[in-house]
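The values are calculated or read from the model by the stated rules, or taken from the named source; none is laboratory data. Quick caveat: nothing in here was measured; it's all calculated off a predicted structure. Backbone-built Cβ (ideal geometry, glycine too); neighbour counts: all protein chains shown.
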Amino acid sequence: MMLPVFNRIYIDKTSENSEVAARVRSLYPSEIIVSIDETDPSLADTLNKKGMMTADEFNDSKKTLLLTTFKGQFFKRCPGATQKKALTCCNYHVLNLGSQCNMNCSYCYLQSYLNSRTSKIFTNIDQALSELKEMADLHPDQPFRVGTGEVIDSLSLDHLTLYSRKLIEFMNQYPKWTLEFKTKSNHVDQFLDLASVGNTVVSWSINPPYIINREEHGTARFDERIEAAKKCRAKGFKVAFHIDPMIWHPEWKENYSFLAEELNREFKPSDVHIISLGTLRFQPEQRHMMRERFGLDSLVTRAEMFASEGNKLRYDATIRSEMFQFMIKKMKSLDPAWNIFLCMETPETWIQAFDKVPMQLPELRSLFKPLPVVRDFQSTT
């Protein structure tokens, strides 16, 4: 497995003695590794510079790694939950163990979300596990779903941290809870020797090869993702697929038909925990960054988008509904047992796609049933 390429690796003094720091030091040449104190005022105009990044700064942040400790709360509700009046939320929860991504998708929402000049790995995973344990001990029988792939790919840097192993072993203690790794990589070998009680889901963001090759730079190719998913299935792990973002282009029906047929050929519905669908969406301020980084040849940068829910630009509602209806009909025609839902969409779009809202669909009710509120762990620290 090839190591991710970093031009410089910084290790904050709070992370010097961590397992991750020791592992990184064993894997990378010492010439590119620098020990620092993040609180040093001299870093204010470099590593600690704040504000929106330029395209060059964003590119550089992917090649600069910082090992540090996270001072905030690890375990939170998915951002979609904060927009419940506009969007239908599936009660997803996130555990952020780092930020930034070493891959390079044209549509990546981190381009308008991050303001850090580095890729970060948080080395204080024990604090994250402590937060999880407190909530899981309070609500062991509630079906919490916890994902680690919100602001960093769950597995593309996992061979540096081996956090997947700690998380799988931890979550085995809480079989009603579900752990989800979400990735565009094929890095799974590092945990396949572990036993799971059936509550670890390894999921892939996936698109047709045409979109992966054009828009998802530096990611595992289509066949590589499928093969990695088959490896996980063979070892008893659940798998899932997020066809998100679906990207409109003249041949979209042919290409998404191919994707549906390949998933149906390689997997049975009983193998796959869930398939989620979403269409292209991004913050208005992201468009300039994407055009500067990817030009106008990208299907994303030249897409016709409209102001929509959650302060996002989206395709027209008619196009979104058409794409969802097409994919749902295609998957269900191949096998009616496929379990499909929409990600970050409006109730109106749900009704157009399914004729119902999620709580009216028996196969989805458990995903959308309200859960206990995650408490503010910072209030006691």
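The residues of region 1-50 that are in contact (Cβ under 8 Å) with a residue 12 or more places away in the chain, closer than 21 Å to His187 by Cβ and of a type in the set (Ser, Thr, Tyr), listed by number, are Ser18, Tyr28. Answer yes or no: is there a residue in region 100-113 that is free of Cβ contacts under 8 Å to residues at least 60 places away in the same chain and on the phi > 0 side of the Ramachandran plot. Within region 100-113 (the criterion being free of Cβ contacts under 8 Å to residues at least 60 places away in the same chain and on the phi > 0 side of the Ramachandran plot), the answer is yes, since at least one residue qualifies. Taking the criterion of being buried (at least 18 other Cβ atoms within 10 Å of the Cβ) and hydrophobic (A, V, I, L, M, F, W, C), the residues of region 112-142 that qualify are Leu114, Ile121, Phe122, Ile125, Ala128, Leu129, Leu132, Met135, Ala136.
Determine, yes or no, whether Asn96 is in contact with a Pro (Cβ under 8 Å, 6 or more places away or on another chain) and either closer than 30 Å to Lys369 by Cα or charged (D, E, K, R) (or both). Against the criterion (in contact with a Pro (Cβ under 8 Å, 6 or more places away or on another chain) and either closer than 30 Å to Lys369 by Cα or charged (D, E, K, R) (or both)), Asn96 does not qualify.
Those strands (runs of 3 or more DSSP E) of region 268-381 in which 1 or more residues are in contact (Cβ under 8 Å) with a residue 24 or more places away in the chain and crowded, with 20+ Cβ neighbours inside 10 Å occupy 272-279, 312-314, 340-342. Scanning for something under 20 Å from Arg302 (Cα atoms), out of contact with any Phe, Trp or Tyr (no Cβ under 8 Å at 6 or more places or on another chain) and among the acidic types (Asp, Glu), does region 233-254 turn up at least one residue? Checked against the condition, which is being under 20 Å from Arg302 (Cα atoms), out of contact with any Phe, Trp or Tyr (no Cβ under 8 Å at 6 or more places or on another chain) and among the acidic types (Asp, Glu), region 233-254 yields at least one hit. Reported count of residues in region 95-121, each being of a type in the set (A, V, I, L, M), under 15 Å from Thr148 (Cα atoms) and either assigned to a loop (DSSP other than H, G, I, E, B) or at pLDDT below 95 (or both), is 1.
Within region 14-44, the set of residues being at pLDDT below 95 and surrounded by 10 or more Cβ atoms within 10 Å (Cβ to Cβ) comprises Glu38, Thr39, Asp40, Ser42, Leu43, Ala44. The criterion of at least 1 residues that are among the basic types (Lys, Arg) and at pLDDT 95 or above is met by the following strands (runs of 3 or more DSSP E) wholly inside region 138-229: 178-183. Filtering region 233-267 to residues that are touching a residue at least 40 places away in the same chain (Cβ under 8 Å), of a type in the set (Gly, Ala, Ser) and assigned to a helix (DSSP H, G or I) leaves Ser257, Ala260.
Restricting attention to region 178-192 and to residues that are within 18 Å of Asp244 (Cβ to Cβ) and in contact with a strand residue (DSSP E or B) (Cβ under 7 Å, 6 or more places away or on another chain), the residue that is surrounded by the most Cβ atoms within 10 Å (Cβ to Cβ) turns out to be Phe181.
Note on region 1-68: enclosed strands (runs of 3 or more DSSP E) holding 1 or more residues that are among the charged types (D, E, K, R) are 8-12. Considering only region 65-86, how many residues are surrounded by fewer than 20 Cβ atoms within 10 Å (Cβ to Cβ) and either within 30 Å of Pro347 (Cβ to Cβ) or at pLDDT 95 or above (or both)? Of the residues in region 65-86, 14 are surrounded by fewer than 20 Cβ atoms within 10 Å (Cβ to Cβ) and either within 30 Å of Pro347 (Cβ to Cβ) or at pLDDT 95 or above (or both). Please enumerate the residues belonging to region 61-80 that are in contact (Cβ under 8 Å) with a residue 40 or more places away in the chain and more than 20 Å from Val24 (Cβ to Cβ). Gly72, Gln73, Phe74, Phe75, Lys76, Arg77, Cys78, Pro79, Gly80 - these are the residues of region 61-80 that are in contact (Cβ under 8 Å) with a residue 40 or more places away in the chain and more than 20 Å from Val24 (Cβ to Cβ). Scanning region 213-225 for residues that are crowded, with 21+ Cβ neighbours inside 10 Å and more than 20 Å from Gly147 (Cβ to Cβ) yields a total of 2. Taking region 148-192, which residues are touching a Leu at 6+ places or on another chain (Cβ under 9 Å), hydroxyl-bearing (Ser, Thr, Tyr) and over 21 Å from Arg221 (Cα atoms)? Within region 148-192, Thr148, Thr161, Tyr163, Ser164, Tyr174 meet the criteria.
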